[in-house]
1. Kindly provide the set of residues from segment 168-210 that are surrounded by 17 or more Cβ atoms within 10 Å (Cβ to Cβ) and without any contact (Cβ under 8 Å) to a residue 40 or more places away in the chain, ordered by number.
2. Among (1) under 24 Å from residue 193 (Cβ atoms); (2) touching a Lys or Arg at 6+ places or on another chain (Cβ under 7 Å); (3) of a type outside the set (Val, Ile, Thr), there is one condition residue 260 misses while meeting the rest; what is its number?
3. If you scan segment 295-313, which residues turn out to be closer than 19 Å to residue 50 by Cβ and β-branched (Val, Ile, Thr)?
4. Do you know which of the residues in segment 336-368 that are over 14 Å from residue 53 (Cα atoms), out of contact with any Lys or Arg (no Cβ under 9 Å at 6 or more places or on another chain) and aromatic (Phe, Trp, Tyr) is least open to solvent (accessible area, probe 1.4 Å)?
5. Is it fair to say residue 231 is β-branched (Val, Ile, Thr), outside any loop (DSSP other than H, G, I, E, B) and at negative phi?
6. Would you point out which residue out of 95, 50, 30 is open to solvent by 10 Å² or more (accessible area, probe 1.4 Å), closer than 25 Å to residue 349 by Cα, polar (S, T, N, Q) and out of contact with any Cys (no Cβ under 8 Å at 6 or more places or on another chain)?
7. Looking at 110, 134 in this structure, which one is open to solvent by less than 10 Å² (accessible area, probe 1.4 Å) and over 18 Å from the mean Cα position of the chain (by Cα)?
8. Pairs please, first residue from segment 296-313 and of a type in the set (Phe, Trp, Tyr), second anywhere and crowded, with 24+ Cβ neighbours inside 10 Å, Cβ atoms under 6 Å, 6+ apart in sequence or on different chains.
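The values are calculated or read from the model by the stated rules, or taken from the named source; none is laboratory data. Predicted model only: the values in this text are computed from it and were never measured. Methodologically, a virtual Cβ is constructed for each residue, glycine included, from the backbone with ideal geometry; neighbour enumeration extends over all protein chains shown. For the accessible areas, the whole protein counts, side chains as well, though only heavy atoms, and no ligand, DNA or RNA atoms are used. Shrake-Rupley method; radii C 1.70, N 1.55, O 1.52, S 1.80 Å.
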Amino acid sequence: MNNPALFQPLSLGDMALSNRIVIAPMCQYSAEDGCMTDWHLIHLGQLALSGAGLLTIEATAVEPEGRITWADVGLWDDKTEAAMARVVEGIRRWSDMPIAIQLAHAGRKASTERPWDGGAQLPPGDAHGWQTVAPSAIAFEDHEVAPVALDRDGLVRVRDAFAEAAKRSARLGLDAVQLHGAHGYLLHQFLSPLSNHRDDEYGGSLENRMRFPLEVFDAVRAAFPADKPVTMRVSGTDWVEGGWDVAQTIAFAQALEARGCAAIHVSSGGLHPDQQIPVGPNYQVPLARAVKQATTMPVVAVGLITGYEQAEAIVATGDADMIALARTILYDPRWPWHAAAELGAQVKAAPQYLRSQPRRYKDLFGGE
């Protein structure tokens, strides 16, 4: 294949990507009091040698109460910043791949056990638990402890925490910030009428439900260097009748674009236990396509993208500008190499690995 679309360069503001393959943020549940550990250096370090266009640091809580689990990464004080600085420095020494960070707050889905320990909500009295917050005092599941509805002071605190984490991200030299507005976490909770029952200016109409996420975006955009991109991850639909849907996602995307959002990453679900997700290859691509047709900013598609030709088709047909890999690249950390070989493209490899180039792909490692 000549010049496959998947390996064409792309720029987001001043950030240049060598190809259209994005490594999605993937929680590792391996931090200590919000601080990254050697696991993160190993995990992110190997992915930074994968040949992808962009590496995204996992959902990073902007305050302790915003963690999904007690073992999540945070960026809320000097200690958590120093721990992340060590990891970023280690990666930068050996890789020039651009690095983004996903800033997040779990809202009512916070205070849980690690997935491999069951993932259940931990009540405030538990050694690893705390009181959660949300737009409204509605638990994710009926048997869980209800969150406390954020008051005006709480909204300001959370908004400012996002902005402060963006400033720390800039000090760390990170190339981009992604805000987590998907998967049923706090910003998504404000967007969806299923989780937002407020009767003030932050609830009710679509305009009101978008207000707080847009305020957070504006605060982060103002706090992060103007020449570096701020993007958003959204759930294109709740997969529940009467919930957040693609039409509202398009309205939100257009509002973000007007505020200088550099790209939008379209996922889905995560907000309500009654969701009915038609899981299968490309099942979320139509959501990305709908947003791309209604906006001009770059769109990232994600979800059960495993095949090389599959990924190429998504970009080549214009359904999305980039594809994101999560579980796929955990299973195969050299997926971009293999995709380039299959599609007849080139990819960058560390000089220490150049001898591994297969003899039948003589120009595979010619990418810069």
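1. Hit for segment 168-210 is 209, nothing else.
2. (1)
3. Hits for segment 295-313 are 300, 302, 305, 306.
4. 361
5. yes
6. Answer to the selection: 95.
7. Being open to solvent by less than 10 Å² (accessible area, probe 1.4 Å) and over 18 Å from the mean Cα position of the chain (by Cα) holds for just one of 110, 134, which is 134.
8. 308/339
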